[in-house]
Structure formats: C-alpha cells, structure tokens
Amino acid sequence: MRHRSLLIITTAITAGALTLSACGSRDKSDNSDGDNKKTTVVIGVDAPLTGSLSALGQGIKNSVDLATKVANKNNEVPGVTFKIKDFDDKAVPSSGKTNATSMVDDDEIVAMVGPLNSGVSQSMQGVFAKADLAQVSPANTSPDLSQGPDWPSGKKTRPFKTYFRTATTDVIQGRFAAQYYYKDAKKRKVFVVDDKQTYGAGLSKIFAQEFKRLGGKVVGTDHLTVKETDFSGIADKVKSTGADSVYFGGQYPEGGLLSDQVKQAGADVPIMGGDGIYDPAFIKASGTSNDGDYATSVGYPVEKLPSAKTFVKDYAAQGYKDPYAAYGGYSYDAGWAIIQAVKAVVNDNGGKLPDDARAKITEALNKVSFDGVTGKVSFDEFGDTTNKQLTVYKVVKGAWTDATSRTFND
Amino acid sequence: MHELPQTLVNGLTLGALYGLIAIGYTMVYGIVQLINFAHGEIFMIGGFGALTIYLWLPSGTALSLALPLMIIGGIVASVAIATAAERFAYRPLRGGPRLAPLITAIGLSIALQQAVWAFYPDAKKSRSFPQFEGKSLEIFSNLHIQRGDVFLLIAAPLCMLALGLFVSKSRAGRAMQATAQDPDTAKLMGINTDRIIVMAFAIGGAFAAVAAVAHGLKYGQVNFEMGFIAGLKAFTAAVLGGIGNIYGAMLGGVVLGIAEALAIKYIQDIPGMEQLGGGTWKDVWAFTLLIVVLLVRPQGLLGERVADRA
C-alpha cells in the first residue's frame, strides 16, 4: 500500500504548500484602504471543490458567493463589504482540519460556511471552537455534530457553541425516509447498504431503527467502499434475500452504480437514499435504469418555493460555471445568516465592526431569524435549524421529481 | 450453493478486467523494473478517449457499430499518453536512482487525473458511457450475464491469445523477451532496447484502453478517478500472478476477482465470522490471500526468477 500512503503524503504536501503560498500573498492587500472607508468582511467557505463531490462543493461556494454579492448590492450592512474566501477540503477530514487552521489564522475571516461532509466537519469543529469562529454548515446531517455523541440515549449536549447548520439532521431525515418507505410506499423487507462514512453509516442506522420500530423487517445489511465501482456482490445478495426495497446511506457516485447493479442482477426493487444521492449525477452516472428510485432531501424543492425564485434567478444571472446543486439554497441561507449576524453586531457597535467580531457574531447567530431561500431560518439551542420540512424525490423518466413534501413530526 | 455460479461469474468478469489492466504493470516491470503507477490513469484516459469518439459520432449510431471505433479511439488515447509518459517522464530518469521514476509515476498519476478533471468537458462528475440495451442474458435460471460483460468475456481471452502469440512468435516479441532477460546483452545483439521499452508501454496502454471500454460498458460510466482503485487492484493482481509474467497478470486478476466475490458472499455464512463478511471485508480477504500466496511463493503464482537482477 505504498502507493496510497505516498499519494496521500504528496497530496498533503502539495495542499500544504498551496495553502502557505496563499497565506503569504494575501496579507497586505486590503489594509491600505483607510479606516473610514468600507470594512471588508470575509466569509470563509470550505467544501470539496475538487474530487468526485466537487459538483456539490462548487454549488456551495457559488451560492455563498451570491449571498455576499446580493448583500453588497443591497448595501445590507452599511459600511461593510462582504467577500468570500474558498478552501478545498477534497472531502478529506485532514484537509478540512488544515483549512480550518488557515481560516482561524486569517484575521479577515469572521465566520465560515461549510463543509459538505459530516466527517470533515468533525475534524474542524474543535479548531473553530477554540477561536470563537462561527461555522454554519449547509449540508452536515450527522446528529453528533450538534447534539453530542450520546444523543441516542436522550442525553443531548451541544459540544461546540460555534457550530450551526441550515441542514436537518439525519435523525429527522432517516426516520422520515423509513416512514415514507413503510407507510407510503408499503415496503416491508428492506436491505440496508452504507458506505462506512460518518454520514452514510449514521443515516442508514437511524433508518433501520425506525423501519424496524414501524414493523418492517431488515432482511440484510452490507457495506461498500467509496470510489469502488463493482458492487455486483452486494447486488446479488439483495436479490437472494428477496428484499422488496433497498436503503442506501451514502453519496451519489456509489449510489448510482449500486442502483444500476441491483437492477442488472435481476432484483426489480427501488433504492432510497438521503440527500447524498439527490443529485442529477445519481441518474446520469449509471445508464437509464434508475426510474422508481427515491431520495429524501431537506426542505421543500428550491424551485417551488416562492422565496427561492429570486435566488434561482440571481444565480443564473451570475453565470456561474456549475449549478447550485443540492445544497445551493442552504448555502445561500447559511451565508445570509452570517451576514445577518454581522449586521446585528455592527448595529450594536455603532456602525463599526468590533474587535472581538468573531465571538460577537457567534453569539448573534443564535438569535438570527429571517425568511430565507429554504424557508424560515433560525437555530435552536443546539445550533440545528428549526426548519423540519423534508421532501421525497422520485426518479421519473430519468429526472428527479418531487413526490411528497411535508413537515416531519414524531 | 445455488448462487455459486453467479458469484463465480461476477468474480471472473471483475478479475478479467483487473487482468487486462495488470498486463500494463507487468510488461513495463518485466522490461524496465519500473512500477508505472500512472498506469491506472492511462486506463482512465482510454475510457475518455472511447467516450470522445462516441460523442463525436452522429447521435443514434448503434453501439455495436460504434464499438470498434471507440476501442480504436481509446487505444489511440491510451497509447499516446503511455508512450509520451515513457518518452518525457521516464526515459530522462532511466539509469537514475530507483525511487526517482517511482515518484515521477505518482506525480504523473495526479497530474493526469487533474488534467482530465480540469479540461475534459463535464468531467467533474462521472460521465455516462453508452451501454448495451436490454436485460441481462439468462444462461441458466441461476446465472445471468450482463450484456456489458459479454464484451469483456470475449475481449480478455482474445487479447491474451494475441499477446501470447506476439511475444513468443514475432521478432519484436522475442526481442522483448531478450530485453527483459538482459537489456545490455540484448543491446549488444543489435536490439534497439529503447524501441522495445516504448513498445511495452504501448502494449500496456492498448490493453488498458480495452479494459477501459469494458469498464465503461459494464458500469455505464467513466470518471477521472476510476484509475486509482482499478490501478491498485490491477497492480495487486500483477504481483499475485508474478510480476513480469503476462499470463500471471491475467491469472492473478481472475484469482483476485473471484476471491473478492466469494468473500462478499460466503465469509459471513461461516459460523462465528458474521462480522468479518460482506463488502467491508472483501479487500481484507483478498489481501490476506495475497500475503499467503507471497509467503508460500514469493515470486507470485506464475513468477520465475526473483533475485537474479537486483
């Protein structure tokens, strides 16, 4: 396995070198403006900008960028110009940690949006907490991040006061999916597959618990490895267990292939997954046989919300190279939440950014409340979104179509 | 045991794919003792080459008509990159310390991946690859073969046969064997060893391209990262079969593929081993097999001479 470790070392060194050079070249750029002119406030963005999840990452970056541009245009916070600075975590926790350290060291960054992956977030939270730098993730869904590792036993404690998110947790999403499968789709025998990552394993566990609680049967479980392409062994097991449905906790690259191979193995059953597979690439990645597959995602479909019309239009007008993808709306709202927090802090301080801006913004985020792209945006005592709307999407004729949208209740 | 035939066929097709890629590792290693870690990316580029041809053909062209052209397109792309890599990345380092070309290979691998990511249109996500229409073919009630796999099951033995004949019968093939045995003496005998080395890279590239087309037909997609794991597994197959031996590469691939398929399916049925079965542990079992084979036969399944040229 020399190849892999050498590869990782090389990547790490390259990434490190790039980060360092970025630090060196930037420091002196904005200080010559003078004090009375506009203050520049930088919002850090961390997402996988390269690699197989880059489609989602680019959407996050662009949407936050759009939020800052809109704020600047509307003069949302007088005297403050917003800017973003993006960091690529490649969906790798160690890269995320490096990025978090760079952000903390960068005095201009007052808060950040990201990352995409729950696993990456775990490695960043501690770094931000020590520096009082608020983190608003548009996509993390692992409950541990905001409610502590003991949440299943009901002992919820918020581990990091700097952590917020605009995405709903897997507890809600997994249970919602199980309820839909059992009650609406009338499935009774499910085969559960996950990708061994924080997000996928967590989500499928919650799903399986709720499905069993409702009276359904989990006829088999298996795990696949990210970045592999051959899941025919698992597909055969799905067939031989006689499952009438598959639940997959993971991301679209593997999800699309799994769905395809299950159908090729001769098992004519749908696959359901979480927001990780809700992406056009899930369908495109794998031939044509995805009709009937399901995905749950947080919030109502962005295109259908009246509040999102402006977002969709503005995004198109900016001419970004990549679409806003699954988390665009949440990323915009995450960015906007930070902008609102900055606004509150600046107003309290007589129109200027205070010296301890980071801590003040973190505090202000707890009280933020506004109508965003995805609905009402505010955070509860754990930093989780108070928005519990979810949607089930179904593949119809090769495209994701929303099947049901409702508010989750126990 | 009702599902055993299906499991074996799944393993066989996966293994044939590993084997085709492994040829490239083994040929290059046999001749220049270089582990060309960029070979996985050469495989990936073959896939994109074939896809480019398909997209360039008028839409609606039947896949069976397009396939030969796609294979040629893939081979051209792979061979071009493989020989260019040899000429510009490895040849200047020949004769230098062993580690230099190895690190170059790793660097090249990252560079090729990122180049496709950055410059091939829409390659940031998987690009879909044409697939044969229709359901899988039913051989018996408990044995289905997917249409994409048929190509692989025909192409892999044909390619092996052609390569075997080429190496043993043709002049160039014998020159290749001579260079592998002793490059200096081969040179004295009037063999242009530089050309032979280029040829080894080119053949490896061509096989990788055939594998990439098969991979595309099997999984319905190509993406810029697909060379990493495939390359790693193929390298394992080459070592398992005995690196330097072309038949060993194919045998190693098939053994590895079948071992993985069996591990997914049956380990968890062994009492007390439920936790160690399934997709999570298949690589562990495959590599356990590799270690056991290497303990018993350090030269690999079909490998010969190990220490005669250190």
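For A:VAL298, the conditions (1) within 25 Å of A:ARG188 (Cα to Cα); (2) at pLDDT 80 or above; (3) away from every other protein chain (no Cβ under 14 Å) are fulfilled apart from (2). When A:SER259, A:SER331 are screened for being part of a helix (DSSP H, G or I), of a type in the set (S, T, N, Q) and within 14 Å of another protein chain (Cβ to nearest Cβ), only A:SER259 passes. So, in segment B:27-51, exactly how many residues are modelled with pLDDT of 95 or more and of a type in the set (Val, Ile, Thr)? Of the residues in that region, 2 qualify. If only residues of segment A:43-80 that are part of a strand (DSSP E or B) and modelled with pLDDT of 95 or more are counted, the one that is farthest from B:GLN113 (Cα to Cα) is A:ILE43. With respect to the conditions (1) within 12 Å of another protein chain (Cβ to nearest Cβ); (2) at pLDDT 90 or above; (3) under 24 Å from the mean Cα position of the chain (by Cα), A:PRO253 falls short on a single one, namely (2). Only residues that are away from chain A (no Cβ under 11 Å) and over 22 Å from the mean Cα position of the chain (by Cα) were counted in segment B:138-168, giving 2. Within segment B:86-97, restricting attention to residues that are without any contact (Cβ under 8 Å) to a residue 40 or more places away in the chain and outside any helix (DSSP H, G or I), the residue that is farthest from the other protein chains (Cβ to nearest Cβ) is B:GLY95.
All of B:TYR247, B:TYR266 fail the test of being assigned to a helix (DSSP H, G or I) and more than 14 Å from chain A (Cβ to nearest Cβ), apart from B:TYR247. Checked against (1) within 14 Å of another protein chain (Cβ to nearest Cβ); (2) under 30 Å from B:GLY231 (Cβ atoms), A:GLY266 meets all criteria but (2). Condition check: among the hydroxyl-bearing types (Ser, Thr, Tyr) and free of Cβ contacts under 8 Å to residues at least 60 places away in the same chain. Does A:SER118 satisfy that? No, not satisfied.
Tell me which of these A:LYS196 doesn't satisfy, since it passes every other one: (1) within 14 Å of another protein chain (Cβ to nearest Cβ); (2) assigned to a helix (DSSP H, G or I); (3) surrounded by fewer than 21 Cβ atoms within 10 Å (Cβ to Cβ). So A:LYS196 meets the others, but not (2). The single residue among A:LYS97, A:LYS85 that is basic (Lys, Arg) and in a helix (DSSP H, G or I) turns out to be A:LYS97. Does A:LYS97 qualify as being away from chain B (no Cβ under 14 Å), surrounded by fewer than 20 Cβ atoms within 10 Å (Cβ to Cβ) and under 21 Å from A:ALA325 (Cα atoms)? When the stated conditions are applied, A:LYS97 does not pass them. Cβ-Cβ contacts under 6 Å between residues 6 or more apart (or on different chains), taken from a first residue in segment A:333-354 that is in contact (Cβ under 8 Å) with a residue 12 or more places away in the chain to a second residue that is buried (at least 18 other Cβ atoms within 10 Å of the Cβ) and basic (Lys, Arg), are listed as A:VAL345/A:LYS360.
Looking at segment A:262-285 only, could you name the residues that are in a helix (DSSP H, G or I) and either at pLDDT below 90 or closer than 23 Å to A:GLY328 by Cα (or both)? Across segment A:262-285, the qualifying residues are A:LYS263, A:GLN264, A:PRO280, A:ALA281, A:PHE282, A:ILE283, A:LYS284. When segment B:150-197 is filtered for residues that are surrounded by 14 or more Cβ atoms within 10 Å (Cβ to Cβ) and of a type in the set (Ser, Thr, Tyr), the ones remaining, listed by number, are B:THR179, B:THR193. Just one of the numbered conditions (1) touching a helix residue (DSSP H, G or I) at 6+ places or on another chain (Cβ under 8 Å); (2) more than 22 Å from A:ILE43 (Cβ to Cβ) is not true of A:PRO306: (1). How many residues does segment A:41-59 contain that are more than 14 Å from chain B (Cβ to nearest Cβ) and buried (at least 23 other Cβ atoms within 10 Å of the Cβ)? Number satisfying all stated conditions: 5. The residues on offer are B:PHE224, B:PHE228, and the sole one that is surrounded by fewer than 24 Cβ atoms within 10 Å (Cβ to Cβ), under 18 Å from the mean Cα position of the chain (by Cα) and within 14 Å of chain A (Cβ to nearest Cβ) is B:PHE228. Figure legend. Inter-residue proximity from segment B:279-294: first residues facing chain A (nearest Cβ under 9 Å), second residues part of a helix (DSSP H, G or I), beta-carbon distance below 6 Å, spacing 6+ or different chains. Indicated pairs: B:GLY279/A:ILE234; B:GLY279/B:ILE264; B:LYS282/B:GLU260; B:LYS282/B:ALA263; B:LYS282/B:ILE264.
So which residues in segment A:109-131 are surrounded by fewer than 19 Cβ atoms within 10 Å (Cβ to Cβ) and over 20 Å from the mean Cα position of the chain (by Cα), if there are any at all? Answer for segment A:109-131, where residues must be surrounded by fewer than 19 Cβ atoms within 10 Å (Cβ to Cβ) and over 20 Å from the mean Cα position of the chain (by Cα): A:LYS130, A:ALA131. In segment A:199-248, the residue that is farthest from the other protein chains (Cβ to nearest Cβ) out of those that are under 26 Å from B:ASN10 (Cα atoms) and aromatic (Phe, Trp, Tyr) is A:TYR247. You will find that of B:ALA237, B:ALA186, the residue that is within 15 Å of the chain's Cα centre (by Cα), at pLDDT 90 or above, of a type in the set (A, V, I, L, M, F, W, C) and in a helix (DSSP H, G or I) is B:ALA237 and no other. Residues of segment B:117-172 that are in a helix (DSSP H, G or I), in contact (Cβ under 8 Å) with a residue 24 or more places away in the chain and among the aliphatic types (A, V, I, L, M): B:LEU152, B:LEU153, B:ALA155, B:ALA156, B:MET160, B:LEU163, B:VAL167, B:ALA172. Take the conditions surrounded by fewer than 23 Cβ atoms within 10 Å (Cβ to Cβ), without any contact (Cβ under 8 Å) to a residue 60 or more places away in the chain, of a type outside the set (Gly, Ala, Ser) and not in a loop (DSSP other than H, G, I, E, B) and apply them to A:VAL218. Does it pass? Yes; evaluated as a whole, the condition is true for this residue. Entry remark, segment B:231-244: residues being at negative phi and away from chain A (no Cβ under 12 Å) number 5 in total.
Of all residues being in contact with a Ser or Thr (Cβ under 9 Å, 6 or more places away or on another chain) and not hydrophobic (A, V, I, L, M, F, W, C) in segment B:103-129, which is farthest from the other protein chains (Cβ to nearest Cβ)? Just the residue, please. Per the stated criteria, the residue is B:TYR120. The residues on offer are B:PHE207, B:PHE235, and the sole one that is of a type outside the set (S, T, N, Q), over 23 Å from A:VAL192 (Cα atoms), surrounded by 24 or more Cβ atoms within 10 Å (Cβ to Cβ) and in contact with a Cys (Cβ under 8 Å, 6 or more places away or on another chain) is B:PHE207.
The values are calculated or read from the model by the stated rules, or taken from the named source; none is laboratory data. Keep in mind it's a predicted model, so treat the numbers as computed, not measured. A quick note on method: Cβ atoms are made from the backbone with ideal geometry, for glycine too, and the neighbour counts reach across all protein chains shown.
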